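Engineer: This is the structure I have questions about; it appears just below.
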Amino acid sequence: MKFSNRKKPFLIAEIGINHNGSIKIVKKLINLAKKYEFDAVKFQKRDLDVVIPEKQKNIVRNTPWGEMTYLNYKKKIEFGYKEYNQIDIYCKKLKIKWFASPWDVKSLNFLKKFKLKYNKIASAMLTNIKLLESVAEQKKTTFISTGMSEMKDIKKAVKIFKKNKCKFILMHCVSTYPCNEKNLNLRMIKTLKENFKCEVGYSGHETTVSPSFAAWFMGADYIERHITIDRTMWGTDQAASLSEPGIRELSSVLKKFPLILGSGVKKISKEEKKLLPKFKYW
């Protein structure tokens with residue numbers, strides 16, 4: 001790994017469904033991403049009637065909004081055109097990019113209404129061949145998460161994107177929320193680079209920031225982390241997300257790395273030259 005030309009990674013703040021259906025919370029999260037110099041924020045878009053298994057739809061759950069079926073709960077926090085249009089306007093105002101991972105072809109077509117630069121394949125959709133082909137046909141730069149998969153699954157996905165001449169970035173990922181650090185397997189970043197000769201990133205779901213630093217040193221040029229206002233809030237992803245202190249640390253440290261690493265060329269610094277007369281007495 002050559003570090004002399006490494007830059008700060010492209011930082012993605014995964015808002016996902018941590019907004020709990022609230023545009024007010026969304027704007028707070030976008031503000032946090034902008035404040036700490038993230039490059040983009042990301043959401044998730046689903047056709048709930050398609051992606052939720054029939055056996056789960058009518059299971060009753062306790063939620064902050066009272067008892068309701070799982071389907072109705074998911075519909076309560078799923079954004080439509082009105083909300084995404086507000087997100088689009090707000091992100092343009094703050095000059096931060098946004099995109100979303102469509103979980104089905106209908107959602108992919110819905111996102112066409114906005115002129116987004118990026119697409120994202122969620123780990124759960126890596127083997128959805130119809131969706132992969134539809135995304136690849138758009139020829140937008142696509143982040144492909146690789147959680148819950150084997151190398152053969154990744155190879156099939158890569159083949160589809162190469163066939164369509166669609167640029168892609170493979171995102172090493174372990175899909176547990178939160179993920180135990182012993183299961184992160186960050187050496188996969190190097191494995192993906194060597195096997196597929198492509199750009200590679202890291203999508204993390206652990207509770208700490210240090211694995212993201214290690215991922216950068218392993219060669220990840222894109223770092224995606226879930227963010228939240230409060231890790232104790234309702235929602236499946238909140239505990240695996242970074243709140244403001246973690247967001248601040250992630251961004252500030254990653255920003256320093258290229259400077260800290262230097263050029264790799266040995267020379268006496270200006271500060272050292274000032275000290276030479278004191279120490280070289282012979």
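The values are calculated or read from the model by the stated rules, or taken from the named source; none is laboratory data. The structure displayed is predicted, hence computed values, not measured ones. Ideal geometry is used to build each Cβ from the backbone, glycine not excepted, and the neighbour counts take in all protein chains shown.
Engineer: Pick out the one residue from 24, 97 that is modelled with pLDDT of 95 or more, exposed (fewer than 15 other Cβ atoms within 10 Å of the Cβ), within 22 Å of residue 244 (Cα to Cα) and not small (Gly, Ala, Ser).
Structural biologist: The match here is 24.
Engineer: Among 237, 221, which is touching a His at 6+ places or on another chain (Cβ under 8 Å), within 22 Å of residue 174 (Cα to Cα) and acidic (Asp, Glu)?
Structural biologist: Only one candidate qualifies: 237.
Engineer: Further question: Looking for whichever is in a helix (DSSP H, G or I) and either crowded, with 19+ Cβ neighbours inside 10 Å or within 15 Å of the chain's Cα centre (by Cα) (or both) here; the options are 107, 175. Which one fits?
Structural biologist: Of the residues listed, the single one that is in a helix (DSSP H, G or I) and either crowded, with 19+ Cβ neighbours inside 10 Å or within 15 Å of the chain's Cα centre (by Cα) (or both) is 107.
Engineer: Under 9 Å by Cβ, and 6 or more places apart or on different chains, what pairs join a residue from region 105-125 that is of a type in the set (Val, Ile, Thr) with one that is part of a strand (DSSP E or B)?
Structural biologist: From residues that are of a type in the set (Val, Ile, Thr), the pairs are 121/101; 121/102; 121/142; 121/143; 121/144; 121/145; 121/168; 121/171.
Engineer: Now, a different point. Looking at this structure, is residue 139 in contact (Cβ under 8 Å) with a residue 24 or more places away in the chain, surrounded by fewer than 17 Cβ atoms within 10 Å (Cβ to Cβ) and out of contact with any Ser or Thr (no Cβ under 9 Å at 6 or more places or on another chain)?
Structural biologist: yes
Engineer: If you don't mind, there's one more thing I want to ask. Does residue 215 count as more than 25 Å from residue 7 (Cα to Cα), out of contact with any Cys (no Cβ under 6 Å at 6 or more places or on another chain), of a type in the set (Gly, Ala, Ser) and part of a helix (DSSP H, G or I)? Steps first, answer last, please.
Structural biologist: Numbers: more than 25 Å from residue 7 (Cα to Cα): no; out of contact with any Cys (no Cβ under 6 Å at 6 or more places or on another chain): yes; of a type in the set (Gly, Ala, Ser): yes; part of a helix (DSSP H, G or I): yes.
Here the answer is no, as residue 215 does not meet what is asked.
Engineer: Within region 207-242, count every residue that is of a type in the set (Asp, Glu) and crowded, with 23+ Cβ neighbours inside 10 Å.
Structural biologist: 1
Engineer: Among 144, 189, which is among the β-branched types (Val, Ile, Thr), assigned to a helix (DSSP H, G or I), closer than 30 Å to residue 231 by Cα and within 17 Å of the chain's Cα centre (by Cα)?
Structural biologist: When all the criteria are applied, what remains is 189.
Engineer: Report yes if some residue within region 215-223 is at positive phi and either in contact with a Phe, Trp or Tyr (Cβ under 6 Å, 6 or more places away or on another chain) or touching a residue at least 60 places away in the same chain (Cβ under 8 Å) (or both); otherwise report no.
Structural biologist: Yes, region 215-223 contains a residue that is at positive phi and either in contact with a Phe, Trp or Tyr (Cβ under 6 Å, 6 or more places away or on another chain) or touching a residue at least 60 places away in the same chain (Cβ under 8 Å) (or both).
Residues are listed down the side, and each one gets a yes or a no for (1) in contact (Cβ under 8 Å) with a residue 40 or more places away in the chain; (2) under 22 Å from residue 199 (Cβ atoms); (3) among the charged types (D, E, K, R):
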site: 13; (1), (2), (3): yes, yes, no
site: 18; (1), (2), (3): yes, no, no
site: 23; (1), (2), (3): yes, no, no
site: 29; (1), (2), (3): yes, no, no
site: 53; (1), (2), (3): no, no, no
site: 60; (1), (2), (3): no, no, no
site: 82; (1), (2), (3): no, no, yes
site: 97; (1), (2), (3): yes, yes, yes
site: 100; (1), (2), (3): yes, yes, no
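Engineer: When you scan region 40-83, how many residues do you find that are under 22 Å from the mean Cα position of the chain (by Cα), buried (at least 16 other Cβ atoms within 10 Å of the Cβ) and over 21 Å from residue 124 (Cβ atoms)?
Structural biologist: Residues that pass the stated criteria total 1.
Engineer: Under 6 Å by Cβ, and 6 or more places apart or on different chains, what pairs join a residue from region 157-172 that is touching a residue at least 24 places away in the same chain (Cβ under 8 Å) with one that is assigned to a helix (DSSP H, G or I) and among the aromatic types (Phe, Trp, Tyr)?
Structural biologist: Qualifying pairs under 6 Å: 158/196; 168/161.
Engineer: A further question follows. Suppose we filter region 147-160 for residues that are loosely packed, with under 14 Cβ neighbours inside 10 Å and within 18 Å of the chain's Cα centre (by Cα); how many remain?
Structural biologist: The qualifying residues number 0.
Engineer: Checking residue 165 against (1) part of a strand (DSSP E or B); (2) on the phi > 0 side of the Ramachandran plot; (3) not small (Gly, Ala, Ser): exactly one of these is not met. Which one?
Structural biologist: (1)
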